[in-house]
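Below: one structure, written as structure tokens.
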Amino acid sequence: MKLAVGESAQLKLRLPQSALPATRAMILAHFGRNLDLTINGQSVTSRSLPLASDIFPPYLDEDSIKRQPKREDCGIFDINPKLLLVGENEIRLTNQSEQEQTVNRFDLGLW
């Protein structure tokens, strides 16, 4: 998904009853820099840099390793799990950078 400077996109995320309640929630996005994120109208703060380009360690073969995004091209957002609802959740992404950004991947982790 491409976002022009200042452009927003809205995503719908449906969560089943079995996913909640969670004690911890996190989103990792592969996008570049300066992305604002809200969940159900509440702003979510990003960390400076994720430790890796995945929330959970994946199995990677040689080809997968080549496709992994660089850590510095990802942002991680710690989410208050109480913001998430069973059923439909609204996620809004806003490009706050000074250039067009592409959101290549968006991962949600629930514990």
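To keep it simple, each residue is scored yes or no on (1) touching a Leu at 6+ places or on another chain (Cβ under 9 Å); (2) within 13 Å of L15 (Cβ to Cβ).
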residue	(1), (2)
Q68	yes, no
G75	yes, no
N80	no, no
E88	yes, yes
R92	yes, no
N95	yes, no
E98	no, no
D107	yes, no
**Message:** Just checking, does the range 90-107 include any residue being within 15 Å of A22 (Cβ to Cβ), surrounded by 11 or more Cβ atoms within 10 Å (Cβ to Cβ) and either in contact (Cβ under 8 Å) with a residue 40 or more places away in the chain or within 16 Å of the chain's Cα centre (by Cα) (or both)?
**Reply:** yes
**Selection count where residues are modelled with pLDDT of 95 or more and not polar (S, T, N, Q), scope the range 38-56** = 2
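Can you name every residue in the range 60-81 that is surrounded by 11 or more Cβ atoms within 10 Å (Cβ to Cβ) and more than 12 Å from M26 (Cα to Cα)?
L60, Q68, P69, R71, E72, D73, C74
Looking at L15, L35, can you tell me which residue is over 11 Å from the mean Cα position of the chain (by Cα) and modelled with pLDDT of 85 or more?
So the residue among L15, L35 that is over 11 Å from the mean Cα position of the chain (by Cα) and modelled with pLDDT of 85 or more is L15.
The values are calculated or read from the model by the stated rules, or taken from the named source; none is laboratory data. Everything numeric here is computed off the predicted structure, so don't read it as measured data. Cβ: placed from backbone, ideal geometry, glycine included. Neighbour counts: every protein chain shown.
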